Structure formats: C-alpha cells, structure tokens
Amino acid sequence: MTDKTLIDASELSELLKTEPIVIIDTRAPEEYAISHIPGAVNIREIFSYLSTSTTEGLIAMQGLFADLLGKAGLSGKELAVIYEDAMNTGYGQSCRGYFLLKFLGYPRVSILHGGYKAWQDAGLSVTNKVSTLAPKTFPLKINTSLLINKDEMLQSLADPSLVKLDVRDFDEWMAESSSPYGIDFCPRKGRIPGAVLIEWYALMKEKDGVVMFRPKEEIQAIAQQVGITTGSTVNIYCFKGARASNTFVALSEAGVKDLRIYFASWNEWSRDPSLPIEEGPADPIRPAVTAARMSAV
C-alpha cells in the first residue's frame, strides 16, 4: 500500500480503525490543550525550530527530531499523519513536518488536508485529553536529495536554468519586511538574486469553507507563469522552511519532481553579510504570482 501525501478527514477517520497511526499536532501547546484529534501528540518544535544549514546545525536538527519523533511513537511501521489548524493560517507547519520526516527518511507520512478545521467541519470527535504513546526508536535515514545548504543555494545563482523560487509573503518579497515575526526581525530585507515569486497562498483556495491545495492543473498553470514545468529543477526558500514545504507539497502533487528546499532560508541568508541580496522593490518584469492576483480564480 502506498500512503497518500494528502488525506482528508474522513479518510483519516477510517484509517484509524485499521492502521497503526501516530497523529502529530503542530499547533501551539495552548491550542492543543483546548482540543485536538483524539490520540494526537503535540510537537510544536516542528514549526518553531529554527535551523541553520551548517553541518553542525543539520546534525543538531536531525538529532532533535529523531528524539522527539521516536518519543512520539514512530518506529517506521506507523503512518505519521501531521496537521495544523488550517492550511493557510499556520505558515505551512504541517507540510514542514511532512518535509522534515521525509528528509529524516521516514517511510510513511501523510498530511491532513485542510487541517484541524477540516476535521471539525466533518463533525468528527475531538478531545482535550493529553496522549502519551510508548516511545520507539526512530529509523533515521537522511535523504540528502531534498535539502540544500546556503553554499549550494549560492552556487545555484549562476545557473539560470535552475529556478530559484521565493514563496514568502508579498511584503517580504518587496523588501518591506524581513519576516513574519516583524519588519526588522532579520538584519536585512530583500530577495535572493534571480528568484521568482509564487506567494505561497496562491497555490491554495477555499472549498466549502476549508482551505486546501488547488487542483493539479491549476497549480501547473500557476507554476508555468514563473517558468516552472514538471521537468524543472527548483530550489525553494521562504523564511524558515515552512511556507517552502507547503509549496514543495503543492508542486510535488502537481507533478514537479526535481524539488529541493533551502530549509534555513531567509533567516540564515539575511544574517550572513557576505551573501548577495536584492533590495528595494522587485524588478516589475520579474515573474511574480501573488495570492491577491489568484483570489478570484
């Protein structure tokens, strides 16, 4: 059986009757304490952890998450299902969890499409009972093909055939803000030189009150506006890898195969003054797709 990347609430409800599943809630602990999917464990670090792309930084990240995920009961046999509140409100945190697990080599991972809102809207049961699962040994097997470091991102700037994709919010792309955490959270504002923009919200739309990814054909059409086809090689970045992970999932589902994430993203790049940036308003002829532009589609 091949596990689907995206499963809806009804599918998860049925799978829970027959499959060994570990459900991971990535929301803030106070939200989890109010209510969550029965049996879910809370791992906020999936969203909050800030990585670096140095060898030491990646080793530290791998060790932390292997420990946390092992304590959550993942041995390799269980299906890990990750969720956030809603796909458009958590900066891609469930997809960040999916990407982390794939990078760590975990064989069975799915995302609850539509998040906790979709689960609630389906009228499925919730609880405030804290779940404790028996710890397991996490099967760490790093997939180096999914993640690039800052040196590899820098080298890619010289290759015009390789798409550098910025998926941050439009004010960050325009160098008006340095991050979602505040205008001056990072020391520099701007873009990685040569990057094109797809604002991450643009690849999703509301359906029956729940935000989900657009259909494959729509995502392909949006991607083509910035020069991305199913045969493209794409390096994706955002602020800390969450929105990039959301876009990674969307493009993967649309058939783009050669995708990598610069996971440390702008949080790292902006703090190294030796790395080049573009400042000020973006070149108006540079391809850019915003959520506002796609909202009526």
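What is the number of the single condition among (1) charged (D, E, K, R); (2) more than 18 Å from the chain's Cα centre (by Cα); (3) part of a strand (DSSP E or B) that Lys205 does not meet?
Of the numbered conditions (1) charged (D, E, K, R); (2) more than 18 Å from the chain's Cα centre (by Cα); (3) part of a strand (DSSP E or B), the odd one out for Lys205 is (2).
Which residue is least open to solvent (accessible area, probe 1.4 Å), if the candidates are limited to the range 142-164 and must be outside any strand (DSSP E or B) and more than 20 Å from Pro276 (Cα to Cα)?
Leu146
Sort through Glu218, Glu199 and tell me the only one that's more than 19 Å from the chain's Cα centre (by Cα) and modelled with pLDDT of 95 or more.
Sole residue among the options that is more than 19 Å from the chain's Cα centre (by Cα) and modelled with pLDDT of 95 or more: Glu218.
Which of the residues belonging to the range 114-141 are surrounded by 14 or more Cβ atoms within 10 Å (Cβ to Cβ), under 13 Å from Ile23 (Cα atoms) and out of contact with any Ser or Thr (no Cβ under 8 Å at 6 or more places or on another chain)?
Tyr116, Trp119, Ser131, Leu133
Name every residue in the range 165-181 that is over 13 Å from Trp266 (Cβ atoms) and assigned to a loop (DSSP other than H, G, I, E, B), in order of residue number.
Scanning the range 165-181 gives Met174, Glu176.
Taking the condition surrounded by fewer than 18 Cβ atoms within 10 Å (Cβ to Cβ) and not in a helix (DSSP H, G or I), does Ala221 pass?
Working: surrounded by fewer than 18 Cβ atoms within 10 Å (Cβ to Cβ): yes; not in a helix (DSSP H, G or I): no.
No: the conditions fail for Ala221.
So which residues in the range 187-202 are more than 14 Å from Val163 (Cβ to Cβ) and either of a type in the set (Asp, Glu) or not in a helix (DSSP H, G or I) (or both)? Give the derivation first.
If we filter the range 187-202 for residues that are more than 14 Å from Val163 (Cβ to Cβ), which is where we start, we get 187-190, 199-202.
Those that are more than 14 Å from Val163 (Cβ to Cβ) and either of a type in the set (Asp, Glu) or not in a helix (DSSP H, G or I) (or both): Pro187, Arg188, Lys189, Gly190, Glu199.
What helices (runs of 4 or more DSSP H), lying completely within the range 1-87, carry at least 3 residues that are at positive phi and open to solvent by 30 Å² or more (accessible area, probe 1.4 Å)?
none
The values are calculated or read from the model by the stated rules, or taken from the named source; none is laboratory data. In this text the structure is predicted, and so the values were computed from the model without any measurement. Don't worry about glycine lacking a Cβ; one is built from the backbone with ideal geometry, like all the others, and counts go over all protein chains shown. Keep in mind that these areas ignore ligands, DNA and RNA; they rest on the heavy atoms of the full protein, side chains included. Shrake-Rupley method; radii C 1.70, N 1.55, O 1.52, S 1.80 Å.
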